[in-house]
Amino acid sequence: MSQTLFEKIIAGDIPGDIVYEDEHCVAFRDVAPAAPVHLLLVPRKPIPKLAEASDGDSALLGHLLRTAPKVAAQEGCGEAFRLVINNGEGAGQSVFHLHLHIIGGRELSWPPG
Ligand code: DGP
């Protein structure tokens, strides 16, 4: 099967502005930032979308949620940041490799629309 765009960034085959990595996940800057801080936190495992994660992925999903605040803090979000997971085309998912958007660095209004 062909690699996802994010697998290619993780492998270094496509340039990516990587700000964090560990054995399970990688974070890099979104190419089209919606805020001063807009990162994508991506598991190395190419799960296509959240709804396709399995029970066996539970620890990995927990790791992503535990890692996101650390990366947000590292990148200067302060106490306020937002996590977004778009699941499916109808929700705006365009890259089918699970990723958490970490958005911050400005006031974030609610609801997001
Ligand atoms: P989503 O729409 O939730 O699937 O988010 C995909 C994000 O990926 C979108 O905000 C733009 C970003 N993106 C697309 N192509 C690239 C790329 O080549 N490099 C980086 N850094 N981000 C990308």
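Is it true that Phe28 is within 11 Å of the ligand (Cβ to nearest atom), closer than 12 Å to Leu98 by Cβ and not β-branched (Val, Ile, Thr)?
On the way: within 11 Å of the ligand (Cβ to nearest atom): yes; closer than 12 Å to Leu98 by Cβ: no; not β-branched (Val, Ile, Thr): yes.
When the stated conditions are applied, Phe28 does not pass them.
Please count how many residues of the range 60-92 are touching a helix residue (DSSP H, G or I) at 6+ places or on another chain (Cβ under 7 Å) and closer than 15 Å to Glu21 by Cβ. Write out each step before concluding.
Within the range 60-92, the first condition is being touching a helix residue (DSSP H, G or I) at 6+ places or on another chain (Cβ under 7 Å), and the residues that meet it are 81, 83, 85, 87.
Pick out the ones that are also closer than 15 Å to Glu21 by Cβ and you get none.
Result for the range 60-92: 0.
Taking the criterion of being surrounded by 15 or more Cβ atoms within 10 Å (Cβ to Cβ), in contact with an Asp or Glu (Cβ under 7 Å, 6 or more places away or on another chain) and at negative phi, would at least one residue in the range 10-21 satisfy it?
Yes: the range 10-21 contains one or more residues that are surrounded by 15 or more Cβ atoms within 10 Å (Cβ to Cβ), in contact with an Asp or Glu (Cβ under 7 Å, 6 or more places away or on another chain) and at negative phi.
Go through the residues of the range 65-81 one by one and say whether even a single one is surrounded by 13 or more Cβ atoms within 10 Å (Cβ to Cβ), within 13 Å of the ligand (Cβ to nearest atom) and either without any contact (Cβ under 8 Å) to a residue 12 or more places away in the chain or not charged (D, E, K, R) (or both).
Looking through the range 65-81, none of the residues is surrounded by 13 or more Cβ atoms within 10 Å (Cβ to Cβ), within 13 Å of the ligand (Cβ to nearest atom) and either without any contact (Cβ under 8 Å) to a residue 12 or more places away in the chain or not charged (D, E, K, R) (or both).
Check off (1) over 17 Å from Arg29 (Cα atoms); (2) out of contact with any Lys or Arg (no Cβ under 6 Å at 6 or more places or on another chain) for Leu108 and give me the number that stays unchecked.
For Leu108, the failing item is (2).
Tell me whether the range 24-41 contains one or more residues that are at pLDDT 95 or above, of a type in the set (Asp, Glu) and surrounded by 16 or more Cβ atoms within 10 Å (Cβ to Cβ).
Among the residues of the range 24-41, at least one is at pLDDT 95 or above, of a type in the set (Asp, Glu) and surrounded by 16 or more Cβ atoms within 10 Å (Cβ to Cβ), which makes the answer yes.
For residues that are more than 19 Å from Leu83 (Cα to Cα) and part of a helix (DSSP H, G or I), tally how many sit in the range 1-51.
6
Tell me, which residue of the range 82-113 that is in a loop (DSSP other than H, G, I, E, B) and in contact with a strand residue (DSSP E or B) (Cβ under 7 Å, 6 or more places away or on another chain) is surrounded by the fewest Cβ atoms within 10 Å (Cβ to Cβ)?
First, pick out the residues of the range 82-113 that are in a loop (DSSP other than H, G, I, E, B): 85-88, 92-99, 105-113.
Right, trim to in contact with a strand residue (DSSP E or B) (Cβ under 7 Å, 6 or more places away or on another chain) and you get 85, 97-99, 105, 108.
Numbers: Ile85: 16, His97: 22, Leu98: 28, His99: 27, Gly105: 17, Leu108: 13.
Of everything passing the filter in the range 82-113, Leu108 is surrounded by the fewest Cβ atoms within 10 Å (Cβ to Cβ).
Enumerate the pairs (first residue in the range 91-106 and more than 9 Å from Phe81 (Cα to Cα); second residue anywhere and more than 10 Å from the ligand (Cβ to nearest atom) and of a type in the set (Ser, Thr, Tyr)) with beta-carbon separation below 8 Å, excluding pairs fewer than 6 apart on the same chain, so at least 6 apart or on different chains.
Pairs found: Val95/Thr4; Phe96/Thr4; His97/Thr4.
The values are calculated or read from the model by the stated rules, or taken from the named source; none is laboratory data. Owing to the predicted nature of the structure, the values given are computational and were not obtained by experimental measurement. FYI the Cβ positions are ideal-geometry reconstructions off the backbone, even for glycines, and counts take in every protein chain you see.
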